[in-house]
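No value in this document is a laboratory result; all are computed from the given coordinates. All of these numbers come straight from a predicted model, not from anything done at the bench. Note that we place each Cβ from the backbone using ideal geometry, even for glycine, and neighbour counts take in every protein chain shown.
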Ligand SMILES: [Zn+2]
């Protein structure tokens, strides 16, 4: 397992994963492998084999919603029909969009188009209100953009230009299937690009989005309406909700709304409508013929450096596992996740929360009353482990007529889910809802609910196994659990109280002390060279605080074990971050991902803890040494 040429004291990640890195092969249809991704590949393999058996009638599930999931799987697999129909199922919507010649006409149809996933000049959604997490609010954002981030639009960004070229080429090829003339197609494409360029000047960058709490900008609906005219948001709301519309909207993306006339107006309406046409066409390609579907994936493949499309079977499973996420997650959990493991990990979470509380009590930069509030927040964290006991009613509403074309079915399913989301506006927030399904290899903390979710799929080796030592499990899933809990106290989570409300519960001087430490964490990562680029300390600060917090609390638990094996702890920590990825994907993550590159996630946090130095006798002579005064521990 370990690479003898690299000393662990110099490079923990390389020493642990070096041998694996030499031989690991990235699957043709994926941007990376290792760690999370390898587990995901395994889950996919298992589930694909089950779906093959379901579709062949060799296997059945007692989960009623699975019947439709299997039917949809068969629809994707029916390439004969898809290829015969070609672009035809898409034509009614495309003709409808081409016929919209004025803003008035758009306003008349906006509510219907929203449900059909046609992009409006604003993105609209419903979610828990940040200041009052028990109620839902209506959210407003600027439109999505073609490139991964606004920074790619800078005049000197060569990558952005190259990617736009690939996107344009793809769009032109897909447009060639439509009834538009050559001249019209060129016009539509040029307009779409022009509109996108205008939008990119107004919407938030990834760095701005990373400060999540800044999304809460309530604005009177009349004021919003005045900003976004001639787009008639009040008419849209009335069409969606009837007479009673929300009097306040939450503006997630204030510049896009306040300066919307910078991209949307009567004059450049043609730019907008052609942009919307091209976008919905490209979004729908996956549900059309195989030829169109393959074309529609070229841009995302280029973006991630993925050479090949997944097999048809895999595409079918991937689509279905997104559309019927919760039932499939429950099926996965019930089939492949044991109750013993669930009990054991819940126990571990409780232990980590209790230890976190002890650490809060010992904290040196908080006043007593702030500590008490932090402890209260820890006491009320809700744990969602494995998969939900019950499947929410929305999933049984996702029914369709099997005689319809795949695209018609998908449009129907998407609109059922969109309507369900919009209808939540007047209902209280359902805190029992799961934000991640059981078959997803991931974990999360939700600041609005003050809860943590650990899907069944992540509770496997190397993260967790009943067969691994407790030290290894603590370095794996334990540190991930601690990471998620730490999000309650990262630079975003710290702004929310124990009920999930955006509310300042800190004494001013305590928060200042916290911000000082946060700055130290930004500096520790900022500018580290990686693959020809540099890590942004600001973009990754929440995650770096969480990684360090997760390590701090689990190391504390290590000291209470009868036979702690600190070496095994750090080795497994490094193992879970092993990753081999395509260069394009590495660059994409570096510019957009709020997480630091995996090698840094493995190698940076240990340096902040004395246990690391003791476990491997790390000294000033070694690469993974930093002076005690430079070590940062926040939580
Ligand atoms: Zn995180």
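DSSP beta bridges confined to the chain are antiparallel in about 70 percent of cases.
If you plug the beta carbon distance of residue 59 and residue 595 into 1/(1 + (r/R0)^6) with R0 = 30 Å, you get a FRET efficiency near 0.20. Shown for the chain is the translational diffusion coefficient from the Stokes-Einstein equation, using the Kirkwood radius over Cα pairs, a temperature of 10 °C and a viscosity of 1.306 mPa s: 60 µm²/s.
Counting neighbouring Cβ atoms within 10 Å and putting the fewest first, the residues 474, 249 line up as 249, 474. When 21, 282 are sorted by how many other C-beta atoms sit within 10 angstrom of their C-beta, beginning with the fewest, the order is 21, 282. A crude spin-label estimate for the pair residue 399 and residue 244, with each label 7 Å from Cα along the Cβ direction, gives 2.9 nm. Against the main long axis of the alpha-carbon atoms of the chain, helix 269-284 sits at an angle near 60°.
Subtracting the Cα-Cα distance of residue 414 and residue 186 from 0.36 nm times their residue separation leaves 79.1 nm of extension gain. Counting every other Cβ atom within 10 Å of each residue's Cβ, 181, 265 order from fewest to most as 181, 265. Here the range 88-287 yields Rg over Rh of 0.97, to two decimals, using C-alpha coordinates and the Kirkwood radius. Working from label points 7 Å from Cα in the Cα-to-Cβ sense, the residue 104 to residue 235 distance is 0.8 nm. Whole Å is fine, so just give me how far the alpha carbon centre of the range 176-243 lies from that of the range 281-350. So the separation of the two Cα centres works out to 28 Å.
Using the Cβ-Cβ distance between residue 151 and residue 261 with R0 set to 25 Å, the FRET efficiency works out to roughly 0.60.
Compute the helix-to-body angle for 312-323: its Cα long axis versus the longest principal axis of the chain, expressed 0 to 90° and rounded to tens. Taking Cα atoms only, the helix is inclined about 80 degrees. Net length available on complete extension from residue 390 to residue 423 is 9.8 nm, with 0.36 nm assigned per residue and the Cα-Cα distance removed.
Give me the extension gain from residue 508 to residue 433: residue separation times 0.36 nm, minus the current Cα-Cα distance, reported in nm with one decimal. Spell out each step's value before the answer.
Values: separation 75, 0.36 × 75 = 27.00 nm, distance 3.43 nm.
Going from the current span to full extension adds 23.6 nm.
In the chain, helical runs assigned H by DSSP with n ≥ 4 each contribute -39500 (n - 2.57); averaged across all residues and rounded to the nearest 500, the mean residue ellipticity at 222 nm is -15500 deg cm²/dmol. Relative to the longest principal axis of the Cα atoms of the chain, the long axis of helix 182-200 lies at roughly 40 degrees.
Projecting label points 7 angstrom from Cα along Cα→Cβ for residue 530 and residue 23 puts them 2.8 nm apart.
The calculated FRET efficiency for residue 52 paired with residue 346, based on their beta-carbon distance and R0 = 30 Å, is about 0.35.
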